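No lab work stands behind these numbers, since they all come straight from the coordinates. The structure displayed is predicted, hence computed values, not measured ones. No Cβ is skipped: glycine too gets one built from the backbone with ideal geometry, and neighbour counts run over all protein chains shown.
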Amino acid sequence: MPQTFPQNKGSVLDIVNLTMNFGGLRAIDAVNLHVKQWEIVALIGPNGAGKTTIFNCITGLYKPTAGDIFIQPPGRKRKRVTGMKIHKITKRGMARTFQNIRIFSNMTALENVMIGRHCRTKAGVWEAVLKNKRTRKEEKDIVSQSYNILAKVGLTQAVNELAKNLPYGAQRRLEIARAMATEPFLLLLDEPAAGMNPYETKELDELILRIREEERISILMIEHDMKLVMSVSDRIYVMDYGEKIAEGSPSEIRENHVVIKAYLGEEFDA
């Protein structure tokens, strides 16, 4: 269990009665959840429980059928972002990774992270074409910032390596680095440990804690690896058939008989 940050901090994300229908199918049914500043929160449940659908609503891939999504970056006003376009949500400080890795395979690790910086650039089209002094400085800053982010996730040796040539675990970390390049206050990780071996998962465990502790970024993650979930999470939400069936600390979830029956079972006790 990680050292918990002071919990007198306010919420950076509030989801209120979120509902998502696909035709006659209700994928999410009036779900409420929140993430506080500096928290690591896990969203768990069986396949098809609605977890990724919630992520897609938060990040603008889906427009919810009903309900609201509010964000409040530290030191800023609370804003409703329900149904907002993806690029606008990213610019407001939320970034995500995907269950299936979405990196640019034929670009270097450094170039992948530089793309993540795009939403924070100030140069306009003509400035980019004319390459004035300010634009050249900004480009140098982007390279430097991107290199520093790669260092934070342990990928300095791969800076000029094509992304497709990186080991699987390194590709996962590269995707996280690209998300961090957008300067998020909230990072959403969709099954970051999927396909990883035990050594890679341990590295990921340490990276998630380091991101929160050093970068002061709140984290909401979907994950099936219960060892990882119990190790890094401050709080856990449990989904089943589109509904939230439980929430609490790792110890509370571990002992919740409704959760065990619905999802965890004997594997959780192992």
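Tabulated results
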item	result
Within-10-Å neighbourhood charge of Asp225 [Cβ basis; K, R +1; D, E -1]	-2
Sum of -39500 (n - 2.57) over DSSP H runs of 4+, divided by residues of the chain (222 nm, nearest 500)	-10500 deg cm²/dmol
Assigned charges on the beta-carbon of Lys, Arg, Asp, Glu; the stretch 11-269 dipole about Cα centre (debye)	1760
Theoretical FRET efficiency, 1/(1+(r/R0)^6), r = Cβ-Cβ of Asn160 and Phe104, R0 22 Å, to 0.05	0.95
Tail beyond 29 Å, pair distance distribution of the chain (Cα, percent)	33
Spatially proximal aspartates and glutamates relative to Lys137 (Cα-Cα < 18 Å; intrachain offsets below 8 disregarded)	Glu111, Glu127
Neighbourhood charge, 10 Å Cβ-Cβ cut-off, centred on Asp234 and excluding it, Lys, Arg +1 and Asp, Glu -1	+2
Subset of Lys63/Lys164; Lys9/Lys202; Lys9/Lys133 violating a 31 Å alpha-carbon distance limit	Lys63/Lys164; Lys9/Lys133
Calculated FRET efficiency for the pair Arg216/Leu61, C-beta based, R₀ 25 Å, to 0.05	0.40
